[in-house]
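Here's the structure, in structure tokens; my notes come after.
The values are calculated or read from the model by the stated rules, or taken from the named source; none is laboratory data. All values reported here derive from a predicted model rather than from experimental measurement. So basically every Cβ, Gly included, is an ideal-geometry build from the backbone, and we count neighbours across all protein chains shown. With ligands, DNA and RNA removed, areas are computed over all heavy atoms of the protein, side chains included. Shrake-Rupley method; radii C 1.70, N 1.55, O 1.52, S 1.80 Å.
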Amino acid sequence: MLNDITFGQFIPTNSSIHRADPRTKLILLVMFIVFAFLSNNAFSLGLMMAFLLVLILLSKIPFSMYLKNLKTILPIILFTSILNALYIKTGAELFSFWIITITSDGVWRAVFMSVRISMLILSSAIFSYSSTPTAITNAIESLLKPLNRLGLESAVHTMAMTMTIALRFIPTLIEETQKIMNAQKARGADMESGGLIKRVKALLPILIPLLISSVRRAYDLAEAMECRCYNGGEGRTRLNKMRYSIMDLIATILFVIVCSFSLVLNILF
Amino acid sequence: MSLLKVSHLSYTYGHGTPFSYDAITDINFEIEQGEIVGIIGHTGSGKSTLVQHLNGLIKPSEGNIFLDGKDIWENPKKISQIRFQVGLVFQYPEYQLFEETVYKDIAFGPTNMGLSHSEIDNRVIGAAEMVGLHRNLLQKSPFDLSGGEKRRAAIAGVMAMQPKIIVLDEPTAGLDPAGRDIILSRIKQYRDTTGSTVIIVSHSMEDMAKTAERILVMNKGKVEMFDTVGNVFSHAELLESIGLNIPQVTQIALRLKDLGINVDNNIYTVEQMKNSLLKLMGRGQKNA
Ligand SMILES: Nc1ncnc2c1ncn2[C@@H]1O[C@H](COP(=O)(O)OP(=O)(O)OP(=O)(O)O)[C@@H](O)[C@H]1O
Ligand SMILES: [Mg+2]
């Protein structure tokens, strides 16, 4: 169950996407999502879908990992599709029963919405699978640099550091939860049956140790950082500097071309 | 028929993902009622994975586990019953303490078994005594105990379920020598008074030499050896080749033999060394 959480998971495959500058990836991701949502006909959306497929193949990450991602948001996709289908009343009537009327426009919109949400998830997945959590926060910190001029210097760094730590500890926390759950199960704890109150109560033997160990971990981490003379972002240099390479430029040009095409298709049809 | 039989057991973590990893492969062994068995192996050799199979926390990818001749996964719905029969004490068990008092925490297992109040009370007091926790400590918060006491409280929490087999994953990790000796001697005493079977996972050869009767050596997810303590320690080179050491006294004994001093063959505790040396010295005096 907990193993299905893929958020913040880095999958090393050494593809060209993995090697790209995380800042480039982040900007291009936002650009891709904006244009995917702007696409309002089958041609432009189809183009974006084809492009996404190419990116997925380039990432060299098994298809099953992407499917796992889609599976978790399936309920959301279904929910929005049904709402869209029920709500839109224009277009040819396909089906009518009691107060429910399904029209061709509604179905069309539902399909569009599902495809767009899936594309949003899949493109974000490419980004998070191909970038280490550190790279992601470094990219954010670097992109927010302009804010430094507003005197927000330490705030930007603190935020980025907090995020790095949070992302870094997601897998640790999951592992810890699993361990504690197993340990309490070994003492006969039953977490899968009973009513709501019983189930909430059954969580206590897990939540209390988890909380205690998190606090302990936080203290340990703070101490370890202090021992290594951490004192905020000022004057801190990096071991691995992010570099904007020729490949990043090529990728950016490619994205601009594809997105312009989809814009043209939007206007033409 | 042996009490516990593991047959062709294999387990793969993350089956079907890019991270899939064969933690253990084709494990076979049998353990009799009342034995103390040690499991040793290098870090990552699959010891913890193996012991989590014994009480059904992990379902085997392949193979079976028989308890009293019955496959524990015969009826998956009844797997929680198996957990009361095979008690598992995890690595660093003190991190699972959660109740307001030590008493309540030890009572967690027996309560889940649905026992009566008086029976729970008996078991909690009995288990606390078994691990040598003073009665005064029972009403304290578990978080106010010392490290060694916490560890013993957590072990008592599993002993209180009175399992047929108790499995302890590195029960002495991170304790000082005195704390280690207390825990090991209490575990041995537990076996002697209840006749239960004990399985101990450990890195420490000294611990194993002191407590275990038979040792199962794991290497890269496979069983390398399963034999009496003496026989296992006689394969010093094999053990070293898989990153394990024989106890220090055994190393000294081997060196002494090389130097022509005729100490006994199977020496693996300080006690045995002492006796052997005294014997030698006694003889020397007579010859003089
Ligand atoms: N939840 C998990 N997911 C994936 N792989 C795991 C998981 N747990 C353990 N492993 C892997 O399985 C192998 C065996 O792990 P296990 O914990 O059984 O080793 P161990 O012998 O108990 O080691 P140690 O002495 O360090 O406790 C290790 O290589 C580990 O990386
Ligand atoms: Mg282990």
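Some observations on this one:
- Other residues with beta-carbon under 14 Å from the beta-carbon of residue A:200 carry, at +1 per Lys or Arg and -1 per Asp or Glu, a net charge of +1.
- Rolling a 1.4 Å probe across the protein heavy atoms gives the protein assembly as shown an accessible surface of 54 Å² per residue.
- Buried surface between chains B and A: roughly 1800 Å² of accessible area, summed over both sides, computed with a 1.4 Å probe on protein heavy atoms only.
- As a fraction of the 1.4 Å probe accessible area of the protein assembly as shown, surface on carbon and sulfur atoms comes out at 61 percent.
- Burial of accessible area (probe 1.4 Å, heavy atoms of protein chains only) in the stretch B:1-34, relative to its chain alone, reaches at least 40 Å² for B:18, B:19.
- Sum of side-chain charges, residue B:174 neighbourhood, beta-carbon under 15 Å (Lys, Arg +1; Asp, Glu -1): -3
- Based on DSSP H segments of at least four residues, each scored -39500 (n - 2.57), chain A has a per-residue ellipticity at 222 nm of -24500 deg cm²/dmol.
- For the set A:71/B:164; A:198/B:150; A:68/A:241, the pairs lying more than 31 angstrom apart at their alpha carbons are A:71/B:164; A:68/A:241.
- If you take all other residues with their beta carbon under 13 Å from the beta carbon of residue A:168, and give Lys and Arg +1 and Asp and Glu -1, the sum is 0.
- Overall, the stretch B:1-92 carries a charge dipole of about 360 debye about its Cα centre when +1 sits on the Cβ of Lys and Arg and -1 on the Cβ of Asp and Glu, all other atoms neutral.
- Straight-distance crosslink candidates among aspartates and glutamates, where the alpha carbon sits under 12 Å from residue A:25 and sequence neighbours closer than 8 are dropped: A:248
- Dividing the summed -39500 (n - 2.57) terms of all DSSP H runs of n ≥ 4 by the residue count of chain B sets its mean residue ellipticity at 222 nm at -12500 deg cm²/dmol.
- In this Cβ point-charge picture (+1 for Lys and Arg, -1 for Asp and Glu), the protein assembly as shown has a dipole of about 840 debye about its Cα centre.
- Proximal aspartates and glutamates to residue A:89, defined as alpha-carbon separation beneath 19 angstrom and excluding residues fewer than eight positions away on the same chain: A:105
- Close lysine pairs were tallied over the stretch B:1-130: pairs 8 or more places apart or on different chains with Cα atoms under 27 Å apart number 14.
- For peptide B:71-78, the mean count of partner chain Cβ atoms within 10 Å of a residue's Cβ comes to 0.
- Here's the picture: charge each Lys and Arg Cβ at +1 and each Asp and Glu Cβ at -1 in the protein assembly as shown, and of B:128, B:2, B:50 the one pushed furthest to the positive end of that dipole is B:50.
- Here the dipole of the stretch A:68-145 is about 140 debye; that uses its Cα centre as origin and unit charges on the Cβ of Lys and Arg (positive) and Asp and Glu (negative).
- By average C-beta atoms within 10 angstrom, highest first, the peptides B:7-15, A:136-144: A:136-144, B:7-15
- Angle between chain B longest axis and helix B:117-130 axis [Cα atoms, degrees, rounded to 10]: 20 degrees
- Spin-label proximity, residue A:120 to the stretch A:77-96 - amide N less than 17 Å from point 7 Å beyond Cα toward beta carbon: A:77-85
- Stokes-Einstein translational diffusion, the protein assembly as shown - Kirkwood Rh over all Cα pairs, 1.567 mPa s, 4 °C, in µm²/s: 46 µm²/s
- Using a cutoff of 8 angstrom between alpha carbon atoms and counting only pairs six or more residues apart, the relative contact order for chain B works out to 21 percent.
- Selection from A:231, A:246, A:200 lying farthest towards where the dipole of the stretch A:151-269 points positive, charges on Cβ: A:200
- Projecting the Cα atoms of B:226, B:167, B:154 onto the charge dipole of the stretch B:113-260 (Cβ charges, centred on the Cα centre) puts B:154 farthest toward the positive pole.
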